[in-house]
Structure formats: C-alpha cells, structure tokens
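> This is the structure I want to talk about, given as structure tokens.
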Amino acid sequence: MASRMLKFTELDRSMPEKRDAKKRARDFGEIYADYATEAAEAQASRCSQCGVPFCQQGCPLTNNIPDWLKLVSENRLEEAYQVSSATNNMPEICGRICPQDRLCEGICTIEQSGHGTVTIGSIERFITDNAWEEGWVTPIKPPRERKESAGIIGAGPGGLAAAEQLRRKGYKVTVYDRYDRGGGLLIYGIPGFKLEKHIVERRIKRLEDSGVKFKFNTSIGGKLKLSDLRDKHDTILIATGVYKARDLMVPGSGHESVHAALDYLTTSNRKGLGDEVPRFDDGTHDARDKNVVVIGGGDTAMDCVRTAVRQGAKSVTCLYRRDRANMPGSQREVANAEEEGVVFEWLAAPEAILDTKAGKLKAVRAARMKLGAPDPSGRQSPEKTGETFDVKADMVIKALGFDPEELPELFGEPALTVNRWGAIKVDFATLETSIPNVFAAGDIVRGASLVVWAIKDGRDAAEEMHKRMKQMSRADAATAPV
Ligand code: FAD
Ligand code: SF4
Ligand code: SF4
C-alpha cells in the first residue's frame, strides 16, 4: 500500500478555520473552529516521519508526535488517542494553548526545508476532542486500591496532572484549593477565547468520577496548616502557582481605575461562568466604552487587551518597553490581537498615570524607549530616548508578571526552603522540597511558566511520590507483627 505520509510536498499547511475578527471580537468563544476528520487526517499525512523527530524533543512532555500523526492519517483515531494520552494528561488543552511556534512546531523538520510545519497542536486537540465525543475518555479504574494517600495543594494543571497519575496507581488522592473551582489559571486566568471553560470542567469531573476528592474553598496557610496535611497524608505536593502581581512603580499608579491583570481577568472569567460579580456589574472591571491601556508584553497582557476588546472598549492600547521581536508573549496572540483592533505601542514605558482636576483617570504618560546594550542574559536593555507622549485612558491594567507568595510564612513552615525570588527550592532529580515527603511542581518551582511544563512537573512529582509511598508500604509490611 502506498504510504499515506510525507504529503508535505503536495499539500500545504492549513490550520482549522479562524473566525472572522469582527465577529469573534463580540464574544468569548474560541477563535479556531474544530478540524473536520478529513482535514485532520490530511494535515497529519504531511508529516515526514523523521527518524529523529525534533518535534518530540521540542515538546516538554516528549509526546510521541510522529506515532499519533501516522495513526490519525490512517483514521485509527482511538489508537491515536491512547498514544497521545499516555504522555499528556490534557492533550486537548495543550493543543489549544501551548505556544507551539516556540515548542514542537517551532523545530518541525519540514519547516526547515521550506514547507509550513505540521499543525501538531491542532491535530493533538482534534484527537482528544474526538475521543471525548466518542466516549473514549472514561473515569480511571485503578487495577488495585492502595492504603497510602497523597495530599495535593493546588488544582491547577500541575496538581491535576499529579492527581491523575497517582489515582491511576490506586492511591487515595485529595486536592485542596483556595478557589471554589478546579483548574487554577486554566479556569480563572486564561480567557474563554483561548480555552472554553467546559473543556476544563469536564477534566475536573472525570477526576471526581475517578475517586479523586476535591476540597475547594480551602486555603492552606489559614486555619489549615501544611503540618495538618502532613499528619493526614503520606506525601504532599505543593502546586500553588505564582500569584503576587508585580506592581507599577510610577506616580499615580495607586489610582482606583488602575487594576491588576489577574483581578480583571478573573472577574471576566467568573462573569462568563455565570457567577455574580459585583466588580463587573458596578463597572469597575468592565471596559465597555472606555479607553483602555494595558501595560506589559506577556501572555497575560495579550489576554487583557483581547478581553477589553470583547467587553466593548472604545480603544485598547498595549504599551511594551521593548520591541515586537523581544516581547515575551506569543507572536500568534499579538497577530490575533492586532486583527481584533488592538494598537501596540512598542518601545514605550509608563512614566506616570495622569488624572483630571476632578480626580478622573485621564491618560498614561509614556517614555519612548530604544534598545541599548545587552544585559548579562544577552537581552538588550531598554533605555529612555528623552521623548514622552500621552495615551488617553479611562482604565489601566497592569500586566507586569507574577512572583511567588511568601509560602514558608503562609504555610507556617520556616523549614520550607525558597530561592531568592521566593520560588520553592527542590532537589531537581526528585522534586522533593527541603521537607521530607513534601514535593513541589509547576510555577511555584519554575516561576511563571507554561501549562505544559506544569503538567510535566506534576507527572514527574507523582512518579517520585509513588516511589516514596511504595517504600513506606514495604517498610510497613516488614515491621508488621506476624
Ligand atoms: P496554577 O494554574 O496557578 O494553579 C495553582 C492553584 O493553586 C490555583 O488553583 C490556586 O487557587 C491554588 N492555590 C494557591 N495557593 C493556595 C493555597 N495557599 N491553598 C490552596 N490552594 C492554593 N500558559 C500556557 O501554556 N499557555 C497560555 O496561553 C497561557 N496563558 C496564560 C494567561 C494568563 C493570564 C496567565 C496568568 C498565565 C498563562 N499561562 C499560559 C501560564 C499558565 O497558566 C501557568 O504556567 C500554569 O497554569 C501553572 O500551573 P500550576 O499548576 O503551577 O499553577
Ligand atoms: Fe506541542 Fe504542547 Fe502538544 Fe507538546 S503538548 S506536542 S509542545 S502542543
Ligand atoms: Fe513529522 Fe515534523 Fe515531527 Fe518530523 S519534526 S516527525 S515532520 S512533525
């Protein structure tokens, strides 16, 4: 039979259809449509089945990409799902929100030979969305139940991936989260136009149906201390993410119309989930008819500008102190934002927030920057040119990044060691913290990072927790009275 693969010379790269910018800017639905099965099969057949698949090396989870592409091209979709889900706990989520241009697709070999990369992310998403539709994604049934238990702090992607891996092995798993829903930034940070919420909710429900217990509205560090969890569980995973917003340090930044990005995005996501949200209803976090200025150049800033567009802002401007090529956010998201009407002021840093005599927010004064000498990391530092300009503003959103909270203090555990940025220090071979049997994963170890890295850490930590609990079980058996 002729090979169904290597079609990249005769078939161009084609992403699933993107909704028209004017139409999509009016709602919070995802902007890319689903692949039809035939389109997914055709696009998968473009892969050249490289002997050394660079795409796999570019994926933090080392997904078996060529294998599942081949299976899709042959319409063996259930097998493709089995292969894909063996290395990734949320393939349909990564397929939607990984910055593929910097990961798997960024080093796909056929792009190096002048053809568009294989659309790996969209096909990965298709495989598991299709599996949910077909009923192939079922609750976990561990081959045997074990008596040991794991406590996981944080129901973000890191905590959820670990919970799934441990439950598969039959451990009792309880996930504690201070929010009222699971998903972490997947539910309250990332907007619906990148990731619709039902996609996250069905993952949580599946874990509940698999026997994982969730304790929401439960903040560790308040009444319940880390030591209480250590008494209750054999191993603990800290996967609490990073939530301390970096502040804007310019005159006027304390104005009541200057908002932290995550507060703004959480309000918008809660509104979309149907919650009562007074901060939105009273207009505080609603951009309708306002001139909005967002400060920052990362993914969070991109999500803020595009949320403001959808809320009906009069104008949306993004200020970033470096140029387009040096911004940390995904280029794909910048292009999407531009299509939706966002204006980017590159090489612009805020100098002051200006208000009227009556105290109403008026404008952001920005300094025009240029790129100077590289800093120790090799990145060119922005320098002031001496020129300033004002951007009209009724609402300012600061999206300058996040740092870890002071966890040793919060958890009442001075023995928990952190680095100078406040991230938890772990033994990188085992992800164990300075406290025995307490492990850590995701942003709280790496600093603000990506969903796919949190999943990878959660899986690795679960494997180490499993090894530790097996040792405990053996030790118990050896000392049990005969
Ligand atoms: P989180 O997702 O932050 O989850 C941590 C959980 O711990 C939360 O539910 C929190 O409530 C809980 N928690 C914290 N402290 C406590 C406590 N004391 N007690 C109990 N529970 C606690 N990444 C991508 O790959 N693609 C993107 O497009 C993308 N967009 C992003 C957009 C925004 C606006 C933001 C902020 C981030 C984005 N990221 C993106 C990054 C990504 O969301 C994170 O890297 C990822 O969610 C980290 O996972 P985590 O499990 O470590 O932590
Ligand atoms: Fe690419 Fe992310 Fe999927 Fe890995 S998990 S194959 S990096 S989209
Ligand atoms: Fe296929 Fe590209 Fe991966 Fe090669 S690098 S196996 S062409 S997806």
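> Relative contact order of the range 178-254, please, whole-number percent, based on alpha carbon pairs below 8 angstrom and at least 6 residues apart.
31
> Return, ordered by residue number, the residues of the range 298-340 whose backbone nitrogen is under 17 Å from a label point located 7 Å along Cα→Cβ of R368.
Backbone N within reach: 319-324.
> Rounding to the nearest 20 debye, state how big the charge dipole of the range 7-134 is about its Cα centre with +1 on each Lys and Arg Cβ and -1 on each Asp and Glu Cβ.
Charge dipole of the range 7-134: 520 debye, to the nearest 20.
> Considering only the other residues whose Cβ falls under 15 Å of the Cβ of F389, what net charge follows from Lys and Arg at +1 and Asp and Glu at -1?
+3
> Now for a different question. Counting helices only, and only those DSSP H runs with n ≥ 4, report the 222 nm mean residue ellipticity of the chain as the sum of -39,500 (n - 2.57) divided by its residues, in deg cm²/dmol to the nearest 500.
On the way: 19 runs with 174 residues, N = 482.
My calculation for the chain gives -10500 deg cm²/dmol from helical runs alone.
> Can you give me the C-alpha center-to-center distance between the range 440-482 and the range 197-250, rounded to a whole angstrom?
So the two Cα centres are separated by 16 Å.
> Looking at the range 86-147, which GluC sites (Glu not before Pro) are in a loop (DSSP not H, G, I, E or B) and have at most 13 other Cβ atoms within 10 Å? Walk me through the intermediate numbers first.
Numbers: sites: E92, E105, E111, E124, E133, E134, E145; in loops: E145.
Taking the range 86-147 and a limit of 13 other Cβ atoms within 10 Å, the loop GluC sites (Glu not before Pro) found are E145.
> Lys/Arg Cβ at +1, Asp/Glu Cβ at -1, dipole of the chain taken about the Cα centre: which of A399, S73, V293 is farthest positive-ward?
After comparing all options, I get A399.
> Run down the lysines and flag those whose C-alpha is under 16 Å from the C-alpha of K370, throwing out any fewer than 8 positions away in its chain.
K384
> Counting other Cβ atoms within 10 Å of each Cβ, which trypsin sites (Lys or Arg not before Pro) in the range 131-238 have at most 11 and sit in a DSSP loop?
Of the trypsin sites (Lys or Arg not before Pro), the ones in loops of the range 131-238 whose Cβ has at most 11 other Cβ atoms within 10 Å are R144, K223.
> Please compute the contact order of the chain in relative form: average sequence separation of alpha-carbon pairs under 8 Å and at least six residues apart, divided by the residue count, as a percent.
It comes to 15 percent, rounded to a whole number.
> Related question: Between their Cα atoms, which of K169/K213; K244/K392; K22/K271; K244/K425; K172/K215; K141/K194 are more than 24 Å away from each other?
Table pairs above 24 Å Cα-Cα are K244/K392; K141/K194.
> How far apart, in nanometres, would the label points at Q112 and E74 be if each is projected 7 angstrom from Cα along the Cα-to-Cβ direction?
Spacing of the two 7 Å Cα→Cβ label points: 2.7 nm.
> Report the charge-dipole magnitude of the chain in Debye, nearest 20, computed about the Cα centre from +1 at each Lys and Arg Cβ and -1 at each Asp and Glu Cβ.
Working: 70 positive and 70 negative charges, 103 e Å.
The calculated dipole for the chain is roughly 500 debye.
> Let me ask something else. Quick one: go through the range 167-204 and flag any residue whose amide nitrogen is under 20 Å from the point 7 Å out along the Cα-to-Cβ line of Q82.
Answer for the range 167-204: 168-169.
> Can I ask one more? Working out 0.36 nm times the residue gap between T385 and W136, then minus their Cα-Cα distance, what length gain in nm do you get to one decimal? It would help to have the intermediate numbers written out before the result.
Working: separation 249, 0.36 × 249 = 89.64 nm, distance 5.88 nm.
This chain segment gains 83.8 nm when fully extended.
> What FRET efficiency comes out for D101 versus S14 if R0 is 22 angstrom and r is the Cβ-Cβ distance? Round to the nearest 0.05.
Plugging the Cβ-Cβ distance into 1/(1 + (r/R0)^6) gives 0.85.
> Please report the relative contact order for the range 251-400, taking Cα pairs under 8 Å with a sequence separation of at least 6, and give it as a percent rounded to a whole number.
28
> Give, in nm to one decimal, the length gained when the segment between R420 and E256 is fully stretched (0.36 nm per residue of separation minus the Cα-Cα distance).
Working: separation 164, 0.36 × 164 = 59.04 nm, distance 3.14 nm.
Value of the extension gain: 55.9 nm.
> In whole Å, how far is the Cα centre of the range 155-176 from that of the range 396-420?
After rounding, the separation between the Cα centres reads 23 Å.
Every number in this text was worked out from the coordinates using simple rules, so none of it is lab data. If you're wondering where the values come from, they're calculated on a predicted model, not measured in any experiment. Ideal geometry is used to build each Cβ from the backbone, glycine not excepted, and the neighbour counts take in all protein chains shown.
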